[in-house]
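Quick notes on the structure that follows.
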Amino acid sequence: MTSSADRRTIAAAGGAVWRPAGNGGGIEIAVVHRPRYDDWSLPKGKLDAGEHAVQAACREVVEETGLTVVAGRRGLTTRYAVDGAPKRVDYWLMRCTGGEFTANDEADELRWLSPGDAAALVTHGHDREVIADAARTDLPREVRLLLVRHGKAGSSDRWDGPDDVRPLTAAGEEQADRLAQVLPLFGPAAVLSATPLRCRQTVAPLAERLGLAVEQQPDFGEPEFGGDPGRALDAALRILDGPAVTVVCSQGGTIPAVLQALGVHGHGVTGLLPPAAKGSAWALGGRPGALAADYYRDVAPDPDAP
């Protein structure tokens, strides 16, 4: 007999979809009624094959609500059992940017409510926890800087030419393609890159998908950072203060130091610099002291996806 511990985790994802309240302060959160279960819930659903959880979260929100959204900071992860099998639901905060709800098989009613009223209406306690996190005022709901480390580019010891023109490997090109599929969900309005070819190649597919040019930003390059480390930090702070989401592709000698200067630490590993694996992305919002910092080690398909 198969125990619950041996069963594959059911991977799902959803959104705490919000919009500014009409009274000029606070927010409203979208909750939906699901006729299949006769409950009130946050929009969510299971991952499809090949999806990262944030892709599934945005897809499910669009399918259930008809709303268009931009992904923001990562919300809570809830865990519970369904018919004896473990289930994991990853949430993102999502700002509503448009669209209109139409009743469907998944959701036959949608209500925009204050966080307090939404928490009172939803059926399940884990949804109330997600709503409480979305209503926090000490952290931003949106991100402004997507700080990407370039993809895999092979060993510098085996490269005969100038390091600035060392290209991505096939594995690095695959990482670049995955970033181009996932990062548009955050609504980038600009794509910047340090000068090395491998950095520009990493964000080129993303820029093409968005219809943008890759703008060179030398302040985030390792030689420039080594000569004047304050340049990259100042540039990051300007982006965090800006009105739109910006992608910046940088290098492994720059990213951890900038993150540490911003007050980001070891992402659960005490005493170490923040990680910055090749092909990874940090989604940052706010300012030092009130900074949201979510690390995406990679944006490959979720291991628990079908």
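Evaluate E = 1/(1 + (r/R0)^6) for ALA49 and ASP228, where r is the Cβ-Cβ distance and R0 equals 41 Å; express this FRET efficiency to the nearest 0.05.
Numbers: r = 47 Å, r/R0 = 1.13.
Efficiency for this residue pair is about 0.30.
Longest segment of the chain with no trypsin sites (Lys or Arg not before Pro) in a DSSP loop having at most 12 other Cβ atoms within 10 Å? Don't skip to the end; give the middle numbers.
Numbers: sites that count: ARG8, ARG36, ARG297.
The longest uninterrupted stretch comes out as 37-296.
Residue by residue through segment 296-304, which ³J(HN,Hα) values in whole Hz follow from phi under the Karplus form 6.51 cos²θ - 1.76 cosθ + 1.60 (θ = phi - 60°), with glycine and proline marked x?
Ordered by residue, 3J(HN,Hα) equals 10, 4, 7, 10, 6, x, 4, x, 8 Hz.
Quickly estimate the mean residue ellipticity at 222 nm for the chain, helices only: each DSSP H run with n ≥ 4 gives -39500 (n - 2.57), and the total goes over all residues, rounded to 500.
-8000 deg cm²/dmol
When only alpha-carbon atoms are used, what values of Rg and Dmax, in angstrom, describe the chain?
Gyration radius and largest Cα-Cα distance of the chain: 20.4, 65 Å.
Just to check, using Stokes-Einstein with a Kirkwood Rh over alpha carbon pairs, what's the diffusion coefficient of segment 4-134 at 37 °C and 0.692 mPa s in µm²/s?
For the chosen part, D equals 222 µm²/s.
So what does log10 I(q)/I(0) come out to for segment 133-192 at q = 0.21, 0.22, 0.25 Å⁻¹, using the Debye formula with one equal point on every Cα and no solvent?
Calculated log10 I(q)/I(0) at the listed q: -0.92, -0.96, -1.07.
Between PRO188, PRO162, PRO115, find the one with the highest GNM mean-square fluctuation for the chain; connect C-alpha pairs within less than 10 Å.
PRO162
Give the distance, in whole Å, between the Cα centre of segment 206-223 and the Cα centre of segment 289-303.
First find each Cα centre; the distance between them is then 20 Å.
Sort out for me the Cα centre separation of segment 122-175 from segment 29-82, rounded to whole Å.
A separation of 21 Å, based on Cα centres.
Which listed residue (SER250, THR169, TYR295) has the Cα farthest towards the positive end of the charge dipole for segment 145-296, taking +1 on Lys and Arg C-beta and -1 on Asp and Glu C-beta about the Cα centre?
It is TYR295, whose Cα lies furthest towards the positive end.
If the elastic network links every pair of Cα atoms under 10 Å, which of TRP159, TRP282, TRP18 fluctuates the most in the Gaussian network model of the chain?
Of TRP159, TRP282, TRP18, the Gaussian network model singles out TRP159 as fluctuating most.
Share of Cα-Cα pairs in segment 164-306 beyond 28 Å, in percent?
13 percent
Between THR102 and ASP160, how high is the FRET efficiency from 1/(1 + (r/R0)^6) when r is the Cβ-Cβ distance and R₀ = 51 Å? Nearest 0.05.
Numbers: r = 60 Å, r/R0 = 1.17.
Calculated transfer efficiency: 0.30.
Values quoted throughout were computed directly from the atomic coordinates according to the rules given, and no laboratory measurement underlies them. Values in this document were obtained by computation on a predicted structure and should not be read as measured data. Because the Cβ atoms are built from the backbone with ideal geometry, glycine has one as well, and the counts that use them run over all protein chains shown.
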